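Student: The following block contains the structure, expressed as structure tokens.
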Amino acid sequence: MKKKLLVLCALALSVSSIVACTKQDAGSSAPKKSDDKAAAAGELSEKLTITWMARSFQGGGWPEDHPMIQELNKKFNVDLKLQWIPAANYKEKLNVLAASNDFPDVFFVLHPEFNKWKKQGIFLDAQPLLGQYPNLAKIPQEALNSLNPKGKTLGIPYYITEARDSLSIREDWLKKLNLSSPKTLDEFYEVAKAFATKDPDGNGVQDTTGFSFYIDSTTNSLRDIEFIMAGFGLWNQWKDVNGKLTPYQIQVEEWKNFLTFMNKAYNEGVLDKDFAVNKIRSTVEKFESSKVGFAYLNPNDYSTTIKNVTKLAPNAVPVPLEPPKGPTGLTGTNNIDMLDKNVINAKIDPKKQRRILMMLDYFLSPEGSDFIKHGIEGVHYKKVSNDKYEKLEAADKDRQNLINNWVFRPFDPSIQMYKWDEPSQNKKIGDMFIENKKYKYANQAAGLESETMIRSGANLNAKFMESVTKIIMGRDPINAIEKASESWLQGGGNKIIEEINKSYKE
């Protein structure tokens, strides 16, 4: 009997050991909470190969022997394999990898794919670990939570300066016509009308107009006139109203007021007659060629825009302008949605996961953000004095800033301001970003999706925008927006509202 009892005890211990091991193995796809930063740093003695996939743009990415990669390899004891995929092909590449279930260790993911895959166990949940990485832990919560399931961090946001662009005006045109900067939409209209009718460029030909915009064919939304829309109380597509996300397609009265303004501008030649065929940079190009007096400009490119516009008009003076207030004092500005993510593969060795988190944390530190922006001292720049630096020739050749620009960005609008630039110029750009942030005009459903929207939302939104365009051009009466709103709701909009709100709560 005693012997039998000993056997049973031994069996119980064996089973409990197996269960314990099973539990440990089941969690092995993610680093344990008990692994602190010091332990991770201790692992630097083991060299790891890290595959990292990122988008590339004009000029392509770095070669494998690039000095920036060599420096990171040395600092983190890794063999970093950066895979540069042209941005135009990136979505296709992601889906090819998904089909073969062969993702790299860390990669950039576009927000539609992030939404599609975030429940499939592909991405590491970094939330339990963020406290060990102080710079990652400082990422603003609003950005960190966006599109991530509640209580989880499956993706770390790719930073975008959301209220980036500055509404700008030709100050030299104002002075020539003895006008003041507009503070309200009524004043904006009068200034824009003067730009269209009173020969502000002084060439004796009526070849200018007040303002322009374009229709984004991807989202079927109006772009570069957000300040007018916001002034009339139209939301940036979706807004949280008493806890429920509500689309701007139902804002019939606000649309009527906005469209009355726009139709008048079109009829009186104040609005660019070619707005319907404009593309993404058309408004900037028309501003630079002295065809319109207002445009949204990227502060980072302001000096370039000034160079371009002064080639044709040497006395041109573009300056930023506060968005004019609408009839009830409302205002807002152009906004870019921060939705795309960098994700870590949940299936790779926890040692790799920790090493990647160390690298990401470094990129957000003062030392690391300086490195990924400015490169290597003595190679890409040299220090002249305590507050003066000189850019070296190798910086242009090496394009040392590609991680900063294309891969993983510090959460700071100064990402494209360099310490070798003129300090006064950087201050001007920084002041523009500070000013623009006051008028942030967010789409509160940005990135959320619904089955109905995926299936028929693009067609629904295109039909709605077709009605808006016809009304602006005077082909349909203002009250045609009532029918357009009802058609949007009945054609699937009601279902989209229901599904978007379900996604919002999740």
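Student: Taking Ser485 as the residue in question, decide whether it is part of a helix (DSSP H, G or I), over 23 Å from Leu110 (Cβ atoms) and of a type in the set (Ser, Thr, Tyr).
Tutor: Yes; evaluated as a whole, the condition is true for this residue.
Student: Of all residues in segment 275-296, count the ones that are free of Cβ contacts under 8 Å to residues at least 12 places away in the same chain and part of a loop (DSSP other than H, G, I, E, B). Walk me through it before giving the result.
Tutor: Going through segment 275-296, the residues free of Cβ contacts under 8 Å to residues at least 12 places away in the same chain turn out to be 277, 281, 285.
Pick out the ones that are also part of a loop (DSSP other than H, G, I, E, B) and you get 281.
Total meeting the criteria: 1.
Student: Could I ask something else about it? For segment 436-446, name all the residues that are surrounded by 15 or more Cβ atoms within 10 Å (Cβ to Cβ) and either in a helix (DSSP H, G or I) or touching a Cys at 6+ places or on another chain (Cβ under 7 Å) (or both).
Tutor: Correct list: Asn436 only.
Student: Report, by residue number, each residue of segment 101-114 that is in contact (Cβ under 8 Å) with a residue 40 or more places away in the chain and open to solvent by 30 Å² or more (accessible area, probe 1.4 Å).
Tutor: Within segment 101-114, Leu110, His111, Pro112 qualify.
Student: Mind counting the residues in segment 192-225 that are in contact (Cβ under 8 Å) with a residue 60 or more places away in the chain and out of contact with any strand residue (DSSP E or B) (no Cβ under 8 Å at 6 or more places or on another chain)?
Tutor: Of the residues in segment 192-225, the ones in contact (Cβ under 8 Å) with a residue 60 or more places away in the chain are 192-193, 195-197, 200-201, 207-216, 219-224.
If we keep only those that are out of contact with any strand residue (DSSP E or B) (no Cβ under 8 Å at 6 or more places or on another chain) too, we end up with 193, 197, 201, 207, 219-220.
Going through segment 192-225 one residue at a time, the tally reaches 6.
Student: Next up: Of these, Ala54, Ala87, Ala39, which one is at pLDDT below 95 and open to solvent by less than 70 Å² (accessible area, probe 1.4 Å)?
Tutor: None of the other options fit; the residue is Ala39.
Student: Here's a follow-up. From the list Phe103, Phe123, Phe107, Phe114, exactly one residue is of a type in the set (Phe, Trp, Tyr) and touching an Asp or Glu at 6+ places or on another chain (Cβ under 9 Å). Which is it?
Tutor: Going through Phe103, Phe123, Phe107, Phe114 in turn, the sole match is Phe114.
Student: Scan segment 129-150 and give yes if some residue there is assigned to a strand (DSSP E or B) and open to solvent by 10 Å² or more (accessible area, probe 1.4 Å), otherwise no.
Tutor: Scanning segment 129-150 turns up no residue that is assigned to a strand (DSSP E or B) and open to solvent by 10 Å² or more (accessible area, probe 1.4 Å).
Student: Taking Ile225 as the residue in question, decide whether it is under 30 Å from Ile454 (Cβ atoms) and either among the basic types (Lys, Arg) or at pLDDT 95 or above (or both).
Tutor: yes
Student: Hey, could you check segment 452-480 for residues that are hydrophobic (A, V, I, L, M, F, W, C), under 17 Å from Asn267 (Cβ atoms) and surrounded by 19 or more Cβ atoms within 10 Å (Cβ to Cβ) and say which is farthest from the chain's Cα centre (by Cα)?
Tutor: Filtering segment 452-480 down to residues hydrophobic (A, V, I, L, M, F, W, C) leaves 453-454, 458, 460, 462, 464-465, 468, 471-473, 478, 480.
Narrowing the set further to residues that are under 17 Å from Asn267 (Cβ atoms) leaves 468, 471-473, 478, 480.
Filter again for surrounded by 19 or more Cβ atoms within 10 Å (Cβ to Cβ), leaving 468, 471-472.
Values: Val468: 26, Ile471: 31, Ile472: 29 Å.
Filtering first and then ranking leaves Ile471.
Student: Thr305 passes all but one of (1) open to solvent by less than 60 Å² (accessible area, probe 1.4 Å); (2) modelled with pLDDT under 95; (3) of a type outside the set (Asp, Glu); (4) not in a helix (DSSP H, G or I); which number fails?
Tutor: If we test Thr305 against (1) open to solvent by less than 60 Å² (accessible area, probe 1.4 Å); (2) modelled with pLDDT under 95; (3) of a type outside the set (Asp, Glu); (4) not in a helix (DSSP H, G or I), just (4) comes out false.
Student: Answer yes if at least one residue in segment 362-382 is in a helix (DSSP H, G or I), touching a strand residue (DSSP E or B) at 6+ places or on another chain (Cβ under 6 Å) and in contact (Cβ under 8 Å) with a residue 24 or more places away in the chain, and no otherwise.
Tutor: Our first condition is that a residue be in a helix (DSSP H, G or I); within segment 362-382, this holds for 362-364, 366-374.
Pick out the ones that are also touching a strand residue (DSSP E or B) at 6+ places or on another chain (Cβ under 6 Å) and you get 374.
Subset that is in contact (Cβ under 8 Å) with a residue 24 or more places away in the chain: 374.
Yes, because at least one residue in segment 362-382 is in a helix (DSSP H, G or I), touching a strand residue (DSSP E or B) at 6+ places or on another chain (Cβ under 6 Å) and in contact (Cβ under 8 Å) with a residue 24 or more places away in the chain.
Student: Looking for something outside any strand (DSSP E or B), touching a Pro at 6+ places or on another chain (Cβ under 9 Å), buried (at least 17 other Cβ atoms within 10 Å of the Cβ) and among the acidic types (Asp, Glu) - is there at least one such residue anywhere in segment 153-167?
Tutor: Yes, that holds for at least one residue.
Student: Being under 16 Å from Gly42 (Cβ atoms) and in a helix (DSSP H, G or I) is the filter here, so list the residues in segment 345-358 that pass it.
Tutor: Residues of segment 345-358 that are under 16 Å from Gly42 (Cβ atoms), as a first pass: 349-355, 357-358.
Those that are under 16 Å from Gly42 (Cβ atoms) and in a helix (DSSP H, G or I): Pro350, Lys351, Lys352, Gln353, Arg354, Arg355, Leu357, Met358.
Student: Also, quick follow-up: Run down Glu377, Glu390, Glu422, Glu449 and say which single residue is open to solvent by 50 Å² or more (accessible area, probe 1.4 Å), of a type in the set (D, E, K, R) and under 21 Å from Ala143 (Cα atoms). Working first, answer last.
Tutor: Details: Glu377 fails: under 21 Å from Ala143 (Cα atoms); Glu390 fails: under 21 Å from Ala143 (Cα atoms); Glu422 fails: under 21 Å from Ala143 (Cα atoms).
So the residue among Glu377, Glu390, Glu422, Glu449 that is open to solvent by 50 Å² or more (accessible area, probe 1.4 Å), of a type in the set (D, E, K, R) and under 21 Å from Ala143 (Cα atoms) is Glu449.
Student: Just one of the numbered conditions (1) in contact with a helix residue (DSSP H, G or I) (Cβ under 9 Å, 6 or more places away or on another chain); (2) in contact (Cβ under 8 Å) with a residue 40 or more places away in the chain; (3) among the hydrophobic types (A, V, I, L, M, F, W, C); (4) farther than 25 Å from Ser168 by Cβ is not true of Ile415; which one?
Tutor: (4)
Student: While we're looking at this one, here's another question. Counting just the residues of segment 213-228 that are open to solvent by less than 10 Å² (accessible area, probe 1.4 Å) and outside any strand (DSSP E or B), which one comes out farthest from Met465 (Cα to Cα)?
Tutor: So the residue we want is Phe227.
Student: Further, regarding this structure: Assess whether Asp396 counts as being in a loop (DSSP other than H, G, I, E, B) and free of Cβ contacts under 8 Å to residues at least 12 places away in the same chain.
Tutor: no
The values are calculated or read from the model by the stated rules, or taken from the named source; none is laboratory data. Keep in mind it's a predicted model, so treat the numbers as computed, not measured. Neighbour counts are summed over all protein chains in view; Cβ atoms, including those assigned to glycine, are modelled from backbone coordinates with ideal geometry. The accessibility values were calculated without ligands, DNA or RNA, using every heavy atom of the protein model including side chains. Shrake-Rupley method; radii C 1.70, N 1.55, O 1.52, S 1.80 Å.
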